Each structure stands twice: as structure tokens, then as C-alpha cells.
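Asker: Here it is: the structure, laid out below.
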Amino acid sequence: MTFKDYPYVRLDIEKEEKEFFILLEEFKEATSFDIAYDRVFKINEKTNDWQTSFQLAYIRNSVNIHDEFYAKEKEFVNDISPRVTSLKNKYYKALLESVFRKELEDEFGMHLFTLAEYSLKVFSDDVIDLLKEENKLANEYTKLKTSAKILFDEKEYNLSQMGSYLEHEDRNIRKKALIEWMKFFEKNEEKFDEIYDKLVKIRDAISKKLGYENFIQLGYDRMKRSDYTFHDVKVFREEVQSYLVPLATSLYQKQAERIEIKDFKYYDEPFKFKNGNPLPKGNKEWMVKKAEKMYYNLSEETGAFFTLMIENGLMDLSAKKGKVGGGYCTYLSKFKSPFIFSNFNGTSYNAKVLTHEAGHAFQKYLSRDYKVFEYLVPTYELAEVHSIGMEFLTSPFMEEFFKEDVDKYRFSHLDRSIKFIPYGACVDEFQHFVYEHPEISPDERKAEWRRLEQKYFPHRDYDGMDFLLRGGLWFKQMHIFLKPFYYIDYALAQICAMQLWIKSSSDKESAWNDYIKLCSIGGSKSFLEAIDSANIKNPFKQGTVKEVVEYVRKYLDTIDDKKL
Ligand code: ZN
């Protein structure tokens with residue numbers, strides 16, 4: 001069966017709830033391990049059905065927002081999901097209290113129980129109203145941002161459509177584009193400030209109701225960070241400051257020399273090469289064919305995986321009218337099918353989709369036989385090692401896509417990865433400050449952001465642009481509003497994925513075996529346990545970041561970027 005034939009069935013929540021409670025009671029009253037095990041299995045089948053129905057509604061809505069049927073279904077799913085969370089938590093509670101817990105732990109592994117504990121910690125019926133309020137505010141942010149209409153060159157653009165002007169080869173156009181782009185945020189400054197201020201206060205209130213001191217620990221618990229704390233993350237940020245900031249600064253200097261600009265400003269940052277960015281040399285069909293060949297060259301498993309994605313119609317890659325922006329990978333557990341969604345635009349982004357999103361999908365493919373759904377979905381930092389790891393491990397094959405531009409592509413990929421990490425740390429430190437001081441004013445928040453920018457981007461020059469100098473840039477960062485504390489994950493994953501890449505340069509086979517191991521573990525272990533099993537060093541440990549940075553610096557020294 002291919003994706004388009006996967007049947008969507010609206011959940012009969014009353015019926016599902018009844019059946020679920022019968023299974024739950026039978027689980028609680030089980031007189032033998034066999035019965036308990038069987039009920040866990042059946043409950044899992046049920047949650048697979050629910051998850052698949054929800055994901056089908058989301059996917060089909062995002063592929064065409066004008067399809068009224070799936071627009072309604074998505075609304076329905078949003079409506080009933082707190083009810084479903086509450087059901088799942090009842091199951092988790094029973095699981096933790098089961099008289100057969102020891103045997104169940106032996107069967108499924110400890111991690112399921114850890115995850116169950118975290119789900120219970122971060123939710124109680126007392127906070128449902130506040131959670132709804134939090135959701136509503138998050139939606140307001142998304143709506144406000146998508147409402148942007150930027151007049152440029154006598155045409156109207158949304159924020160992401162401004163991208164090509166922001167990196168335009170003509171410096172004046174870049175500057176003008178940035179000013180117009182920024183005006184949208186400046187004009188709505190009060191609204192953004194108000195939404196965020198309310199979000200911070202609501203999150204603080206939720207944390208206090210759940211018995212936390214402030215939102216920081218609750219934020220970590222929501223992300224199910226079971227084996228590291230904010231102290232570890234602080235050490236990581238300090239390492240970033242010591243080793244990555246100098247490397248990134250030197251990359252900005254190289255860039256300024258490469259594009260021959262003496263007074264390098266913020267609006268010059270997106271413009272990387274005088275003769276344009278590296279582009280893939282063919283259309284979508286061509287790229288998918290090349291990708292299939294690449295995955296067969298990489299390994300038998302990746303080849304079989306990618307053929308399945310093609311033959312079962314599990315990728316919706318082209319941009320089209322009515323399609324939501326961006327890209328993602330999700331999973332339909334009932335059909336054991338990953339699904340990749342993207343908006344191809346002819347840039348190197350296309351190659352990223354076919355490696356990064358494919359990395360997520362490949363992990364899900366390798367984890368497909370886990371008996372519990374929880375193990376298919378790793379925590380975010382771990383999931384990003386699967387995807388960024390694939391970006392790096394497919395790097396030797398990029399000539400297929402980029403032909404004579406391949407060196408330029410490899411350089412710009414590494415350049416982007418390195419420059420991203422200080423930004424990730426900046427976003428993270430900002431959020432720690434915000435939730436530690438929920439009472440401070442929006443202006444004080446912006447002043448702190450500006451202070452952190454100076455720490456993480458010492459080279460940056462805003463050319464006197466008032467709004468940016470007052471610390472307004474973070475309004476653009478969706479994660480700060482919608483997914484608190486989710487962002488350092490990408491920086492952690494970069495450092496882990498780079499280790500795989502470094503290893504592959506001297507020992508391809510064992511780097512690949514480590515990667516396969518990591519993907520097969522899926523979400524069945526915590527972050528540090530999983531990467532340790534794949535011989536990746538703990539990024540929180542002093543020395544790890546330094547070692548990676550030293551290798552990258554040496555590698556970059558071998559490239560004459562002015563010739564690219
Ligand atoms: Zn990703």
C-alpha cells in the first residue's frame with residue numbers, strides 16, 4: 001500500500017476511551033506477567049492507531065491547507081489531544097505501579113519507565129487550562145509572524161520569501177531587504193513583547209503549580225532530559241564560548257576577505273561567495289534518482305530504505321500552492337512508514353532534505369520493530385544526531401548533486417554548521433536568564449539578549465540599526481516562543497555528528513557501524529547512553545568540544561576558500 005492509499009479514520013474517542021479503560025483495568029488486575037505483557041502490547045497497538053490517525057490528518061493538511069476535510073480533521077485532533085495525553089498518563093502511572101514492573105523492565109528496558117515518569121511529572125489535570133492558554137499564545141506568535149507582508153521592489157513578500165534578497169549579491173539590496181524585514185518586527189514590537197511576556201509568566205505559573213521552583217527544570221523535564229542537567233549545559237556553553245566562538249569569528253573574517261568587504265556588516269553575513277552559492281545541478285526527479293544511487297553506494301540498508309520511501313510514495317518534496325512552508329519528517333507507526341515533507345526550492349536546501357530529513361526517516365526505519373511506540377521517537381538532541389550525522393556521512397557523495405561545485409558545498413556546509421553553534425548557545429543562555437527572572441520587563445530581556453550577542457558574536461556589526469542594537473533579533477526565533485529550551489539540541493547534535501564525520505575520515509567502516517548502531521537504538525535509550533553505545537564522546541565533558549574544533553580548524557586550513 002502506498003501513502004495515498006493509507007486510510008484515514010477519524011477517531012471515535014468515546015469508543016476508544018471505553019476500550020482503553022477495559023485494557024487498562026485488565027493490565028492493573030493482571031494475575032500473571034503474560035497477561036500484563038499482552039495488555040501493554042494491546043495498549044501500544046491502540047496508541048499506534050491514534051498516533052497514525054493524528055499524523056495522517058496533520059500531513060494531509062500540511063500538504064494542502066485548502067483541503068477542507070483535513071482542515072477540520074486537524075482541528076478535531078487538536079481538540080482531543082489533551083484528552084489523549086491524559087489517557088496515556090493513566091497508562092504510564094499504572095505501568096510504574098505495576099506489580100510486574102521488574103519483569104516488564106527486563107522485557108522492555110528501563111528507559112520506557114524513565115519516560116513514563118517524565119510524562120507524569122510535567123502534566124496534571126490542574127494545569128490543563130494554563131496549558132491551553134500557553135498553546136493559544138504560541139498560536140498567536142505563529143499567526144503574527146505569518147501575517148507579515150513586506151513590500152519590496154513593488155511586490156509583497158512574506159518573511160521567508162525575503163530570503164533571496166537578504167543574501168543578494170548586491171550589497172545595497174541586502175541592506176535594504178534587511179531594513180524592510182526588520183521593520184515588520186519593529187512595527188509589531190509591542191505585540192511580540194506582550195506574547196512572550198505572557199508566555200513566560202504562564203510557564204512560570206505552570207511550573208509552580210506542578211511543584212517546581214521555576215520553569216527551567218520543567219522545561220528540561222518536558223524535553224525528557226533524563227541524564228543531564230542545566231549545569232552540564234552551562235559547561236557546554238562555556239566550551240562553545242572558548243573554542244567555537246574564536247573559530248566562527250575567523251570564518252566571518254575569511255568570508256569578509258572572500259567577498260572583498262572591509263567593513264563587514266550584519267547584512268553581509270548571508271552572502272557567502274562572490275560567484276554565488278553552490279547549487280544542485282538538476283531538478284527534483286534527477287535529485288531523487290541521484291539520492292537513490294547514493295544510498296545504495298552507502299550501504300545495502302540505506303538503499304533498501306530509500307527505495308521503500310520512493311515506491312510507497314513517502315516523500316512529498318515539491319513546493320506547491322496550498323502547501324505549508326518548511327520541511328519535516330514524521331512517522332506513521334501503524335504502517336511502519338516514515339514520511340518526509342519539504343518544499344524543494346532549487347538551492348542546496350534540496351540536498352539537505354535528502355540527507356537530513358532522510359537521516360530522521362532512516363532512524364525510524366531501523367527502529368520500526370520496537371514493541372513500544374516510545375522507542376521510535378528519540379529525544380530531540382538524539383534525533384538530530386541521526387539527521388545531522390547523515391548530512392556529514394553522505395558528504396563524500398555530494399559530487400553527484402553539486403558536480404564542479406562540490407568543494408564549495410562541503411565548505412559552506414561546514415561553515416554553516418560551525419557558525420550555527422554559537423547562535424544555539426546564545427539562544428539557550430538567553431532562555432535560562434529569562435526563566436530564572438520571570439519578573440523582568442521586556443526591555444530588560446532585550447538588553448540581556450544584546451549582551452549575549454556581544455559574547456557569542458563579537459564580530460557582529462549592526463551598522464547602527466536601532467532595533468537590532470536594542471536586542472530585538474530573537475523575535476524571529478520560533479523556538480524561543482514555541483519550544484522553550486529546544487535549540488541547544490541542534491548545537492549538541494552538531495558536535496556529536498562531527499565526531500562521526502571525523503571518524504569516517506580515517507575509518508569509514510567503523511564510523512558507519514557506529515551510526516547504524518545509533519539509529520537502531522532509536523529512542524530506546526537516553527541521549528548520553530545512546531551516543532556512548534555509538535562511541536561518540538559526551539559533548540558536556542570538558543575537552544570534547546575542543547577536540548572537535550581542533551580537527552575542524554586543521555581541515556579548514558587545508559582549503560583555499562578564495563578559490564571556491
Ligand atoms: Zn532535524
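The values are calculated or read from the model by the stated rules, or taken from the named source; none is laboratory data. What you are looking at is a predicted structure, and each value in this text was computed from that prediction instead of being measured. Counting neighbours? That spans all protein chains shown, and the Cβs are built from the backbone with ideal geometry, glycine included.
Asker: I'm trying to understand the selection: among the residues of segment 335-350, which are at pLDDT 95 or above and either of a type in the set (Gly, Ala, Ser) or over 15 Å from the mean Cα position of the chain (by Cα) (or both)?
Answerer: Phe335, Lys336, Ser337, Pro338, Phe339
Asker: Let me confirm something: among Thr355, Thr330, which residue is within 17 Å of the chain's Cα centre (by Cα) and over 26 Å from Trp50 (Cβ atoms)?
Answerer: Being within 17 Å of the chain's Cα centre (by Cα) and over 26 Å from Trp50 (Cβ atoms) holds for just one of Thr355, Thr330, which is Thr355.
Asker: When segment 461-482 is examined, which residues are found to be closer than 26 Å to Gly326 by Cβ and touching a residue at least 40 places away in the same chain (Cβ under 8 Å)?
Answerer: Phe467, Leu468, Gly472, Trp474, Phe475, Lys476, Gln477, Met478, His479, Ile480, Phe481, Leu482
Asker: Okay, next question. Run down Ile179, Ile216 and say which single residue is under 23 Å from Met465 (Cα atoms) and β-branched (Val, Ile, Thr).
Answerer: Answer to the check: Ile179.
Okay, residues lined up against (1) in contact (Cβ under 8 Å) with a residue 40 or more places away in the chain; (2) of a type in the set (Ser, Thr, Tyr); (3) under 30 Å from Glu529 (Cβ atoms):
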{"position": "Phe192", "(1), (2), (3)": "yes, no, no"}
{"position": "Tyr196", "(1), (2), (3)": "yes, yes, no"}
{"position": "Val200", "(1), (2), (3)": "yes, no, no"}
{"position": "Leu210", "(1), (2), (3)": "yes, no, yes"}
{"position": "Phe215", "(1), (2), (3)": "yes, no, yes"}
{"position": "Leu218", "(1), (2), (3)": "yes, no, yes"}
{"position": "Val233", "(1), (2), (3)": "yes, no, yes"}
{"position": "Leu244", "(1), (2), (3)": "yes, no, yes"}
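Asker: Right, next: Would you kindly identify the helices (runs of 4 or more DSSP H) lying entirely within segment 184-287 that contain at least 3 residues that are under 29 Å from Arg553 (Cβ atoms) and at pLDDT 95 or above?
Answerer: By residue number, 230-239, 245-258.
Asker: Restricting attention to segment 39-54, does a residue exist that is assigned to a loop (DSSP other than H, G, I, E, B), among the aliphatic types (A, V, I, L, M) and over 25 Å from the mean Cα position of the chain (by Cα)?
Answerer: No, segment 39-54 contains no residue that is assigned to a loop (DSSP other than H, G, I, E, B), among the aliphatic types (A, V, I, L, M) and over 25 Å from the mean Cα position of the chain (by Cα).
Asker: Separate question: Got at least one residue in segment 481-490 being within 16 Å of the ligand (Cβ to nearest atom), charged (D, E, K, R) and in contact with a helix residue (DSSP H, G or I) (Cβ under 7 Å, 6 or more places away or on another chain)?
Answerer: Yes: one or more hits.
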